[in-house]
Each structure stands twice: as C-alpha cells, then as structure tokens.
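The structure appears right after this line, and notes come after that.
What follows draws every value from the coordinates through simple rules; no lab data is involved. These figures come from a predicted structure and were not determined experimentally. Positions of Cβ are generated from backbone atoms using ideal geometry, with glycine treated the same way; all protein chains shown enter the neighbour counts.
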C-alpha cells in the first residue's frame, strides 16, 4: 500500500449504486458461521481484504462497498483510513453485514502526534480492531538512523496500544530490504522493536518484488508476523490479482499460518476494477489453496 498513490480509478456514486443493485446491498448479507472447522486452514472462513484496494469506492459509499465485499465472501476488512466517515457508522455497517475489522493501517504522522494517536486508538476500539499497522513511510525516512528512530517510536506507541488492549505493527514494501552500510531497514526494525509490543504484517507481493522468499523471512524471525497481504506478482514485476501471477500461494499461505500468522488480507494497489480484483483473488484462494 502506498499512501501517495494517485487516485486513478475514482468511481462515482452512481457506479456504486449499480454495484449495490447487483450484489443486493441490504443488511445481513453474510450470516453463516465465521468460525473455521477443525479441518480447514484458519484463513478459509475469515479471509479478509485491505480496504485500500477499494478506497475510492469506500470514500463515496462505504455501505455499498462493504456489501459488495461481503457478497464475495470477504469477512474481515482491514481499514486504510475512514475518509471522514465516523468509526461508529462504519462499525454499524459492518455489523449489519456480518463483517469484522480486526486491524487497520495508520500513517506516520498519526503515530508521531500524541493527540492524533489517542484518537486513532479510540476509533480502533470502536471498530473492534486490536492491530494498527504503519502502512508506509516516505523516502526521507528510509536511512538507517531514521529506521532506528522509527523503531523507538513504534515501541513507545506499542506500550500505549498495549494498555488499550491493542498492538502496533509495521507493513513492508520493497525498500526496507535495500542494504545501506551493511544493514537493512527491515533488519533494524526487527532487531530494535520489542516483539511483545510491535508485530509485523508481511506483504507477499513486495517481498517477491524485493527478490526475497517469504518463507525464508518467516523462518528467520519466528513469531514476529501476525498478518500477510495476499497479492500476486507477474514475471515482469506487475502487481496482479491472486492467481494471475507467479507467487506460490499454495505453499506460502499454509506456511504463514504455521509461522503464527492469523490474518490474511487480499489487496491490489491499483486494480482496474477493485471489486472484480478482490473477487478474482478470493475465488482463487478458495478453489486452489489446499483445504478440505
């Protein structure tokens, strides 16, 4: 997720209305049990989506957008900002649709400002979230000394989040793995954040884009990861819906669960059709990832 991405796919309220008509955007779209069976991987009955994928739709009409996701079979919605919609209103919409939101993405200024972070914790509590992942940092924050300062900030906010029954975390891109003076930003963050206070959300596209194997990353830092972003990568490096690229999700998702990950979020940063992309990814996971 890149908070500076251009808004290239803005869809109007009328388009959203048509989505609502197609999917039947009334209440209680999802009513079945959201608890996985003993035989199924955890992610099968609580597969989620990062709402950054549908950010333009969500801004215009969150009710219709959430209803469309529920119709696909999405259960857990990771927020990427509320776009002036109140946390209470969004929570009510999710409750009506049988959705949950267990985590959200936050921005660096929200972590740096005491009052803003306190408000962010309040909104997270209203939504039912217990994880807040820093979603992106600008280029000027990517030097080794800056990563050390960021680790200190995450530890500080992690203490405050813990007091509220939550945890903060970090979501990667590829730039954290660029070596500088013999170290990487990601290595600094892993080493200098307290594992009891700061967790990691591994983005499977960006790991592949950095030329790394996600399974190896899991193995090197056991217990540090609580969530993954599920997004595919083509041979040419383009982001793709799950199943349309080369990432081996059949191996990675079970391995992620074994490593302790219990949150799985479909995402695509700039799809041509956000709802269709999430639907394509969800269908592939349900049909192709091994489960009984």
Discussion item. Using Cβ contacts closer than 10 Å as the measure, can you line up 229, 282 from fewest to most?
Written reply: 282, 229
Fill in: Calculated log₁₀ intensity ratio I(q)/I(0) where the Debye formula runs over C-alpha points of segment 172-257, q = 0.14, 0.20, 0.26 Å⁻¹
-0.48, -0.94, -1.38
Worksheet item: Rounded if a/c is under 1.5, else prolate if a/b beats b/c, else oblate: with a ≥ b ≥ c from the C-alpha gyration tensor eigenvalues square-rooted, which is segment 44-288?
Response: oblate
Worksheet item: If the label point is 7 Å along Cα→Cβ of residue 112, which residues in segment 139-168 have backbone nitrogen under 12 Å from it?
Response: 139-142, 150
Worksheet item: Using 0.36 nm per residue, how much length does the chain from residue 149 to residue 119 gain when fully extended, once their Cα-Cα distance is taken away?
Response: 8.6 nm
Discussion item. For a protection proxy built on the mean count of beta-carbon atoms within 10 angstrom, sort 171-181, 101-111 highest first, please.
Written reply: 101-111, 171-181
Worksheet item: P(r) tail for segment 208-292, what percent of Cα pairs lie past 23 Å?
Response: 20
Worksheet entry | Calculated FRET efficiency for the pair residue 164/residue 83, C-beta based, R₀ 35 Å, to 0.05 | 0.90
Item to complete: Go through 212-222, 49-59 and give me the packing order, highest mean Cβ count within 10 Å leading.
Response: 49-59, 212-222
Worksheet entry | Diffusion constant of segment 42-184 at 25 °C, which comes from Stokes-Einstein with the Kirkwood Cα-pair radius and 0.890 mPa s, µm²/s | 152
Discussion item. Please report, in whole Å³, the volume per residue of the convex hull around the C-alpha atoms of segment 69-120.
Written reply: 82
Discussion item. I'd like the distance between the alpha-carbon centres of segment 77-156 and segment 202-216, rounded to an integer number of Å.
Written reply: 23
